[in-house]
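The values are calculated or read from the model by the stated rules, or taken from the named source; none is laboratory data. Small disclaimer: the values here were computed from a predicted structure and weren't measured. No Cβ is skipped: glycine too gets one built from the backbone with ideal geometry, and neighbour counts run over all protein chains shown. Ligands, DNA and RNA are excluded from the accessible area calculation, which covers all protein heavy atoms including side chains. Shrake-Rupley method; radii C 1.70, N 1.55, O 1.52, S 1.80 Å.
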Amino acid sequence: MAYIYFDHNATTPLDPAVLEAMMPFLHEAHGNASSFHSPGREAREAVDLARKQVASLIGAQPAEIVFTSGGTEADNHALRGVIARVKAGAGQPPHLVTSAIEHPAVLNTAQMLEQQGCAVSYLPVDEYGRVRPEDARSAINDATALVSVMLANNEVGTIQPVAAIAAIARERKAIMHTDAVQGLGRIPVDVDALGVDLLSISAHKVYGPKGIGALYIRRGTRIAPLIYGGHQERRRRGGTENVPAIVGFGRACELAGELLAESAAREARLRDRLEQGIRERIEHVRINGHPSERLPNTLNVGFTFVEGESLLMNLDIERVAVSTGSACSSGDLQPSHVLLAMGFEAEAAHGTLRFSLGRRTTEEEIATVLDVLVRVVARVRAMSPMYRDFIKGRRPAAASKA
Amino acid sequence: MEPYTEKVMDHIRNPRNVGEIDDPDGVGEIGNPICGDVMRLYIKVEDNRITDAKFQTFGCGAAIAVSSMLTELVIGKTIEDALRLSNRAVAEALDGLPPVKMHCSALGEDALRAAIRDYMAKQGQQLCVCGELDCPCRPECEERERTRERAHAAAHGIEVEAPEDSPATAGGSTN
Ligand SMILES: Cc1ncc(COP(=O)(O)O)c(C=O)c1O
Ligand code: FES
């Protein structure tokens, strides 16, 4: 039986057209993009084309794109690169403003910077997982060098008011970064409309290969390199270019641009059908995230009385792949930091699943997943002492408030 | 995280002895202090031998496999032998657990102890929380147990009337 893959926020399958574009560069076309001979020039031209394709999807100039090893490196580069360039003057440590619901690529980098003496403010979110621009306004001070707020959250899909926050950052002369890894290919991403100076993206979330991404750096932005080395990427990122991956990323961005409007509408329709089916057929569920300001492919659902991983394993047995929180936190025992920031009790945050649809998701898959889910939730609930107590009237439906 | 073994998957797919015993001789309910998961174990005892065991568990896949395997292992055992069953032994019977999931096996051992303690109390016998029948250091063992329960409450984000020395903070992760 085929697998139903509803975990596109973790990663997407390589599009066959992307693979096709990459193939020559994995084999015959092996030149180093820095070499002057013809194999080198062939590689250089391929990288230049990919740079244009990536830039075009986000409304940037090709020269503003720096290829990185992925979204994580782009986030590291943005945060560490900006803070490294802050003049160590006036005795005041540099200040970074970010949010409580960022991906670990940003949060753990911010924590590392904090240990090195940088001051960091973590903006809270409302119950839908949205940062309030007014909170950003009050957090920014004269020492604020960088504001970093993600475009869309990977766990609940909530889309952040990045343009509004960027406008405030600009007024206060702070550099604005957004982690747009989950937004790319799912919602329109335009660096000027957003008003950002730095923007992180990753190929494997847009049907491209893993291990390649980019940092958009607006012309004139003060930022140090993260990786020192050769003169590649205009000295902003040392290391021989990963030509096949860059070529794949370029092609993936080109496809994403062509398919964006259609696939977003289709995925939203299927996602809404899944959401409605769950609400109708399963009791004691909560839909997490913003009702409208949400990635079209993402559905995060809390199932009361049960724990997420046991649901995930049972769905896996039935050949349905979903995730609990983000893939990075699987195996992590703590409840999701995103749901906790949204004000959930730890116990409620434990029993959530994330369904993330993709280009190839079909209506039949939605119907199958609904049937399987009804069965699996009933099975796991039958095992739950909390559910027993609830059925026997010994426990309220909602997890008790502290 | 490392994948689960085939045995673990088998018990997740097909858990044994799920449910409750209507008229149990002992019930133990334990919360895992590390993750907040909960296991409840019911036992039936005849002539000092566990004749039936059933469980209900709110927890991860490993917790469910541990609960299921534990019931299989204890049925037929005398109380003394059951008390000697360690979480290591349950994990080994499952062909091992991923390192981050080793703590899940504690849920089984602790729930079993609690169920036996409950059974003993009904017989007018006092089993120390450490598992010893005539434990000389009972107060210390009980204090350790209270600390554990507070940690469990903390994992749930529940504020308990904690003594000054133990801050009951919810473990919010940053990744
Ligand atoms: C929001 C966000 N940022 C960053 C990353 C990391 O990207 P990569 O896997 O390319 O390092 C991810 C994906 O896991 C993500 O969802
Ligand atoms: S993570 Fe809680 S028992 Fe396994």
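Give segment A:206-220 a look and list any residue that's under 14 Å from A:Gly71 (Cα atoms) and open to solvent by 30 Å² or more (accessible area, probe 1.4 Å), or say none.
Within segment A:206-220, A:Lys210, A:Gly211 meet the criteria.
Would a scan of segment B:99-106 turn up a residue that is of a type in the set (D, E, K, R), more than 23 Å from B:Tyr119 (Cα to Cα) and at pLDDT 95 or above?
At the first step, the residues of segment B:99-106 found to be of a type in the set (D, E, K, R) are B:101.
Cutting the leftovers down to more than 23 Å from B:Tyr119 (Cα to Cα) gives us B:101.
Checking which are at pLDDT 95 or above leaves us with none.
Within segment B:99-106, not a single residue is of a type in the set (D, E, K, R), more than 23 Å from B:Tyr119 (Cα to Cα) and at pLDDT 95 or above.
Only one residue in A:Glu241, A:Glu155, A:Glu171 is at pLDDT 95 or above, open to solvent by 30 Å² or more (accessible area, probe 1.4 Å) and among the charged types (D, E, K, R). Which one?
On the way: A:Glu241 fails: open to solvent by 30 Å² or more (accessible area, probe 1.4 Å); A:Glu155 fails: open to solvent by 30 Å² or more (accessible area, probe 1.4 Å).
Only one candidate qualifies: A:Glu171.
Looking only at segment B:20-36, which residues are farther than 20 Å from B:Ala106 by Cα and more than 8 Å from chain A (Cβ to nearest Cβ)? Steps first, answer last, please.
Initial filter on segment B:20-36 (farther than 20 Å from B:Ala106 by Cα): B:20-25.
Residues satisfying the conditions are B:Ile21, B:Asp22, B:Asp23, B:Pro24, B:Asp25.
Among the listed residues B:Asp110, B:Asp118, B:Asp52, which satisfies the condition of being acidic (Asp, Glu) and farther than 23 Å from A:Arg381 by Cα? Give the derivation first.
Numbers: B:Asp110 fails: farther than 23 Å from A:Arg381 by Cα; B:Asp52 fails: farther than 23 Å from A:Arg381 by Cα.
Exactly one residue qualifies, and that residue is B:Asp118.
Say whether the condition of being within 16 Å of ligand 1 (Cβ to nearest atom) and in contact (Cβ under 8 Å) with a residue 40 or more places away in the chain is met by at least one residue in segment A:127-136. Spell out how you get there, then give the answer.
Let us first name the residues in segment A:127-136 that are within 16 Å of ligand 1 (Cβ to nearest atom), namely A:129-131.
This time we only want the ones that are in contact (Cβ under 8 Å) with a residue 40 or more places away in the chain, so: A:129-130.
Yes, segment A:127-136 contains at least one residue that is within 16 Å of ligand 1 (Cβ to nearest atom) and in contact (Cβ under 8 Å) with a residue 40 or more places away in the chain.
Would you pick out the residues in segment A:155-183 that are in a loop (DSSP other than H, G, I, E, B) and over 20 Å from A:Cys253 (Cα atoms)? I'd like the intermediate steps shown before the answer.
Step one: list which residues in segment A:155-183 are in a loop (DSSP other than H, G, I, E, B), which gives A:155-157, A:160-161, A:172-174, A:180-183.
Once the filter is applied, which keeps residues that are in a loop (DSSP other than H, G, I, E, B) and over 20 Å from A:Cys253 (Cα atoms), segment A:155-183 yields A:Glu155, A:Val156, A:Gly157, A:Gln160, A:Pro161, A:Arg172, A:Lys173, A:Ala174.
Can you tell me which residue is surrounded by the most Cβ atoms within 10 Å (Cβ to Cβ) among those in segment B:37-47 that are more than 18 Å from A:Lys392 (Cα to Cα) and more than 7 Å from chain A (Cβ to nearest Cβ)?
So in segment B:37-47, the residues more than 18 Å from A:Lys392 (Cα to Cα) come out as B:37, B:43-47.
Still in the running and more than 7 Å from chain A (Cβ to nearest Cβ): B:43-47.
Details: B:Ile43: 27, B:Lys44: 18, B:Val45: 22, B:Glu46: 9, B:Asp47: 6.
Ranking the qualifying residues of segment B:37-47, first place goes to B:Ile43.
I need the full set of residues from segment B:98-124 which are touching a Phe, Trp or Tyr at 6+ places or on another chain (Cβ under 9 Å) and more than 16 Å from B:Lys77 (Cβ to Cβ), in order please.
Within segment B:98-124, B:Pro98, B:Lys101 meet the criteria.
Cβ-Cβ distance below 6 Å, separation of 6 or more or different chains: which pairs start in segment A:170-187 with a residue that is within 16 Å of ligand 2 (Cβ to nearest atom) and end on one that is in a loop (DSSP other than H, G, I, E, B)?
Going by the 6 Å Cβ cut-off, there are no qualifying pairs.
This table checks each residue for (1) within 11 Å of ligand 2 (Cβ to nearest atom); (2) open to solvent by less than 10 Å² (accessible area, probe 1.4 Å).
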residue	(1), (2)
B:Glu2	no, no
B:Met9	no, no
B:Gly19	no, no
B:Val74	no, yes
B:Leu85	no, no
B:Leu94	no, yes
B:Val100	yes, no
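Of all residues in segment A:7-59, which are hydrophobic (A, V, I, L, M, F, W, C), within 16 Å of ligand 1 (Cβ to nearest atom) and assigned to a loop (DSSP other than H, G, I, E, B)?
Those that are hydrophobic (A, V, I, L, M, F, W, C), within 16 Å of ligand 1 (Cβ to nearest atom) and assigned to a loop (DSSP other than H, G, I, E, B): A:Ala10, A:Leu14.
Could you say whether any residue in segment A:144-152 is within 16 Å of ligand 1 (Cβ to nearest atom) and under 23 Å from A:Arg286 (Cα atoms)?
yes
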